[in-house]
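Chemist: One structure coming up, written as structure tokens, with questions to follow.
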Amino acid sequence: MCSGNPPSKVEKPHTNQGQLGPPSGHSPFPPFPSQALVAQAAGVGLGGEGCGSRGGSSWPRAGGKGRGVPAPPQVPPGARAPAVPRLDSDPARRPGAPGLPVASGSGLRRFPQALIVGVKKGGTRALLEFLRLHPDVRALGSEPHFFDRCYDRGLAWYRSLMPRTLDGQITMEKTPSYFVTQEAPRRIHSMSPDTKLIVVVRNPVTRAISDYAQTLSKTPGLPSFRALAFRHGLGPVDTAWSAIRIGLYAQHLENWLRYFPLSHFLFVSGERLVSDPAGEVGRVQDFLGLKRVVTDKHFYFNATKGFPCLKKAQGSSRPRCLGKSKGRPHPRVPQAVVQRLQDFYRPFNRKFYQMTSQDFGWD
């Protein structure tokens, strides 16, 4: 089984990993989270999907039910990752060689050449749907969670989920929890060290509130955002809570850079994906080596949802917008809480700007 049962309710774990100071010295980041925290950060009971199925367009859908996530072994911070064999070098691991496409009807099922690996509540669903307008992009509609929850099912199973593609088309999938899963970079590198990686990031404070809003919609009895974000009232920020920890982008990126060079990444601004969707999608098309087919003529801004939507497609009588769960109103969070979190994230954001050579303007 690649997925466990979801917890009966969402709880904030209380561990000694909850206290965290700003980056300093040679080891600026806390260790990777415990098994419980890895599972929570990947979305246990907080949304997301289980082991994926072959999916078509999922524009109106808002994701599925989250299930348990097996935690990978921990690696001490700063340690170099152990060398691992390419999975295609070990035929006993699974039937067939992963480098060879499988013929099936019209086109072939191929491993993804590009992945949207994060982050949750950053805008990954919108980006995927925008990219699916491109005739040379074929993307899995559901989140397969192969590299975090379903790895034991093997690469042949993973490839069987992918849509068929013709020569010159790109196969993609998106699973935002990959970015916060310690073992995901090694596993993806084992599949193909040439994989292109897309990370949609958003102001970590706004992202945390959005994450909380999603959870609250499913768990109305949840404690307040403030109670979950801090220890002892307005004490230390509690990084044991996944909604806070996911926003430590520099920490997660540090793990990925042990396997992939920075040139394999494109960091997409979740804010600009809303304010200038054509511009951000244009950057993604460039990164993927695609002609800029998706342009501003495809978008209009829906003031009610506060999100860009797609103008009606040929043969359709209505525009297409993300599902009703996207753009849900956020609960009111006291300004003092927001300010404390902005102050907390500032040094981590600046570290992330340095690592990516990109200023996202969150400070």
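Chemist: Ser217 to Gln335: extension gain in nm, 0.36 nm per residue of separation minus the Cα-Cα distance?
Modeler: Details: separation 118, 0.36 × 118 = 42.48 nm, distance 2.19 nm.
Here the answer is 40.3 nm.
Chemist: Now for a different question. Mind scanning Lys174/Lys305; Lys121/Lys196; Lys291/Lys351; Lys311/Lys351 and naming the pairs with a C-alpha gap bigger than 28 Å?
Modeler: Flagged as over cut-off: Lys291/Lys351; Lys311/Lys351.
Chemist: Sticking with this one: Under 1.5 on a/c is rounded, so check that first for segment 216-363, then, if it is not, pick prolate when a/b is larger than b/c and oblate when it is not; a ≥ b ≥ c are the square roots of the alpha carbon gyration tensor eigenvalues. Working shown, then result.
Modeler: Numbers: a/c = 2.48, a/b = 1.30, b/c = 1.91.
Because a/c hits 1.5 or more and a/b fails to exceed b/c, segment 216-363 counts as oblate.
Chemist: Under a Cβ-Cβ cut-off of 14 Å, what is the net charge of the residues other than Arg346 that fall near it, where Lys and Arg count +1 and Asp and Glu count -1?
Modeler: For residues surrounding Arg346, the net value is 0.
Chemist: Ok, one more. Length gain on complete extension for the stretch Ser106 to Leu234, per 0.36 nm per residue less the alpha carbon to alpha carbon distance?
Modeler: Extra length from Ser106 to Leu234 when fully extended: 40.2 nm.
Chemist: Right, another one. Using the Cα gyration tensor of segment 160-289, with a ≥ b ≥ c the square roots of its eigenvalues, what is the shape: rounded (a/c below 1.5), prolate (a/b larger than b/c) or oblate (neither)?
Modeler: The shape class here is prolate.
Chemist: Right, next: Test of understanding: what is the full-extension gain from Ala303 to Asp194, defined as 0.36 nm times their sequence separation minus their Cα-Cα distance?
Modeler: 35.3 nm
Chemist: Let me ask you something else. Within segment 143-252, report the chymotrypsin sites (Phe, Trp or Tyr not before Pro) that DSSP leaves as loop and that have at most 15 other Cβ atoms within 10 Å.
Modeler: none
Chemist: Also, quick follow-up: For Lys297, give me every one of the aspartates and glutamates with a C-alpha distance below 20 angstrom, ignoring sequence neighbours fewer than eight places off in its own chain.
Modeler: Partners within reach: Glu129, Asp136, Glu271, Asp276, Glu280, Asp286.
Chemist: Would you mind getting me the FRET efficiency between Ser263 and Ser160? Use the beta-carbon distance for r and R0 = 45 Å, nearest 0.05.
Modeler: Result of the calculation: an efficiency of 0.90.
Every number in this text was worked out from the coordinates using simple rules, so none of it is lab data. Given the structure is predicted, the values throughout are model-derived calculations rather than measurements. Ideal geometry is used to build each Cβ from the backbone, glycine not excepted, and the neighbour counts take in all protein chains shown.
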